[in-house]
Every structure is written in C-alpha cells, then in structure tokens.
Amino acid sequence: FAVIDSERARLGLLDAMLDAWQADLRADGMTPAQIERRVRRGEPLRRAPLLIVPCLVADAAYRYPDPRRSAAERSMFLVSMGAGVQNLLVSLAAQGLASCWVSSTLFCPQVTVSVLGLPHDWEPMGAIGVGHPAAPPPPRTDRDVSAFVRYL
C-alpha cells in the first residue's frame, strides 16, 4: 500500500492521472462535455485528505509452465488483493473514517508508478480516498439476495 498524506504528492498524482485519462478519452473521440462528465467521477479522491494506493506485488507467484494455471495464479493474487482492499475499507469504517475505492490507477499504472516513485513491480490497483465523513451514512434498505445468491 502506498500511503499519500502530502497534499502536494496527492494533487501531483491526481493531476497526472487526470491528464492521462483526458488524453485517453479525447483519443476515443469523446466531446469535452462527455470528458468532463467522466472525469468528475474522480472528485472524491480530490476531496480526500489521504490517499492509499493498493498495489499488487506478485513476486511470490508460482510460475506455471502453462497459460491455464498461470492465469489461475494471477487471478488468485487479484482476488487476494481485493480482499486486502475490502479489509482495509472495513477497518477504516470501524475507526469512524469514510473511504471510497476508485479504479482510476488501473487505467494509468505507469503514470502512478512514475509519479509516486514506486518499485517497477508494484501494480496499482485503484486508489482509496480516506477522510472524516461529512455526515452519517443514510440507512440502507434490505436487498433481496435471490438475484445473486443460489442455495444448492
């Protein structure tokens, strides 16, 4: 996990990622208005006083001789990374902090590694904005789990 608590470093990363994202969207043929709507999704990270960039480091991955098991090994590391992120989010909530995971660094990993000076084998897996909540979260209604759970 790369923890970014300096405003200068945080804004430097976010500005570099914004430049990369806007360039990609322009190359896709999006209009300035469409680009503005898309990049607005990253605003929670700009407002957060602390950023955490979880990074996948797969140096302990077993090297299989075939693509099927190599892909399964990579999937295992990705799932483990997701579990680590979720555990961090739950831990932050238990401490009374607000947080949000945004996928942004997945779309510009080289920019993220370069700007933060991370080791080359660290793969950024999104970014987590952390701060104090502006208000208590609203109550949620119960969901019908039958759409995504099967009992066998």
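If you wrap the stretch 1-61's Cα atoms in a convex hull and average its projection over all directions, what's the area in nm²?
Directional mean of the projected Cα hull area for the stretch 1-61 stands at 5.5 nm².
Can you tell me the mean projection area, over all orientations, of the convex hull of the stretch 35-95's alpha carbons? Units nm², please.
So the mean shadow area of the Cα hull is 6.6 nm².
May I have the extent of the alpha carbons of the stretch 1-138 along their three principal axes, as whole Å values ordered from largest to smallest?
48, 43, 30
Values quoted throughout were computed directly from the atomic coordinates according to the rules given, and no laboratory measurement underlies them. Note that this is a predicted model, so its numbers are computed, not measured.
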